[in-house]
1. If each residue of separation counts as 0.36 nm, what is the full-extension length gain between Arg315 and Val183 once their alpha-carbon separation is subtracted?
2. By how many nm would the segment from Arg294 to Trp108 lengthen if fully extended, with 0.36 nm per residue of separation less the alpha-carbon distance?
3. How big is the gap, in Å, between the Cα center of the stretch 254-302 and the Cα center of the stretch 50-125?
4. Would you please give the FRET efficiency between Tyr379 and Thr195, computed as 1/(1 + (r/R0)^6) with r the Cβ-Cβ distance and R0 = 51 Å, to the nearest 0.05?
5. Could you sort the peptides 161-168, 100-107, 230-237 by per-residue average Cβ neighbour count (10 Å cutoff), highest mean leading?
6. Between Leu161 and Ala278, what is the spin-label point distance in nm, taking each point 7 Å from the Cα along the Cα→C-beta axis?
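Computed from the coordinates by the stated procedures, all read-outs in this text should not be read as laboratory data. Small disclaimer: the values here were computed from a predicted structure and weren't measured. Neighbour counts are summed over all protein chains in view; Cβ atoms, including those assigned to glycine, are modelled from backbone coordinates with ideal geometry.
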Amino acid sequence: MTTSAATAPVAAAPGNFREVWLISLGHGLTHWYPATFYLLLPIIGKELGLSYTEIGLIMSAQYAVGAVTNIPGGILVDAVGYKGRLMALSLFWIGVPYFLMAFTSSYWMLLACMVLIGVGNNLWHPAAISTLGQRFPARKGLALSFHGMGGNLGEALAPLLVGALLAVYSWRTVVVVNLLPGVVMAIAILAYLGTMNLDAGSGRKPGAQRWTLAGYLAEVRPLFGDRTLMLIAASSFFRTAAQSALLTFLPLYLAHNMGYSPTGVGFALFLLQAVAFASAPLAGYASDRLSRKRVMSAALSMTALVIVLMALAGRSPWVIALIALLGFFMYATRPVIQAWSLEAAPAALGGSVVGMMFGVQAMGSAISPWAGGLIADAYDLAATFYFLAALIVAANVLVMFVPDKPR
């Protein structure tokens, strides 16, 4: 064995699936916090006397910052081999601003907290997704589906548990207590993954070769001319825009139009995410074996159909069943998009690809909650669902133009 082989970082070896579980749980915490906030939106909006447009603008502010910081975040991830440390930092950075919300008393202070969250949240995905892509190249879709399930787990359990807590405590007390799980998980990730360096496994830093911005830009420039990657990114723009607006206005619709209590809204949001535990790994596995394009297009078609049915359902009790169907199909697309985009670039640029994808998605998310709020104020909340369906249809049309590669 040569000296270089003996000292090669752990990233050069195949990944241990325990890493998938830990990173997926960490991902769950990055979604736990916004899922809590979605549940709190009707309460905070009522306390501060906010319009639907103002509520939408809160979420748009977070995603607008994300659109600006995602690509620099991806560059940072590719420049730093110790991605576990970046994941731990991201979790801490996300949790603290939500904690600070307990002490806010104005709309503008709330917006400032959301801006801070937008910066911290965008370190997680480039670091985590590129790590899983490098560590599990032959099972990329499956590994990323478990990562997606971690997000679904956080988004499912948070509204359920926080909804129960809101029956007893004020929302300000709840967000203070809510800081604890993120801190615990950040420490666990730092302890287990903090020493793992993926530089040697990326093929970007052989020997003593140093990372330079000029060299990096020369490597990343061709990505913007890749037709497949650009179409996937454009489709993801519309798909994520629909998801972000849905998560903003569904709790408001259930609370204001359907008369649900915080506990009832929490259960509905739990159901939206819980069904994705089945759909995400199924979609990831199917796209590994069949075709990313076929799985993606089918899931988007069903998502658009279910959203239209929700708009037509009115106050029907069947809305809760439609929410479950919507979660099943909408979240099935997430691991497929991620695996598809990673395949379009070298492993060394995985962080940048993810950063670019999430930057494009954040641009869609920055527009849709604000636009949905304008529609809700001008017409009603139900009209917003037709807007969401149109966004999903646009995403599916773009998928049809992506070159298909059989699996």
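1. Gain in length upon complete extension: 43.5 nm.
2. Contour length minus Cα-Cα distance gives 62.5 nm.
3. One Cα centre to the other: 24 Å.
4. Result of the calculation: an efficiency of 0.40.
5. Working: 161-168: 17.1, 100-107: 14.9, 230-237: 22.4.
Order by mean packing, descending: 230-237, 161-168, 100-107.
6. With each label point 7 Å from Cα toward Cβ, the separation is 2.4 nm.
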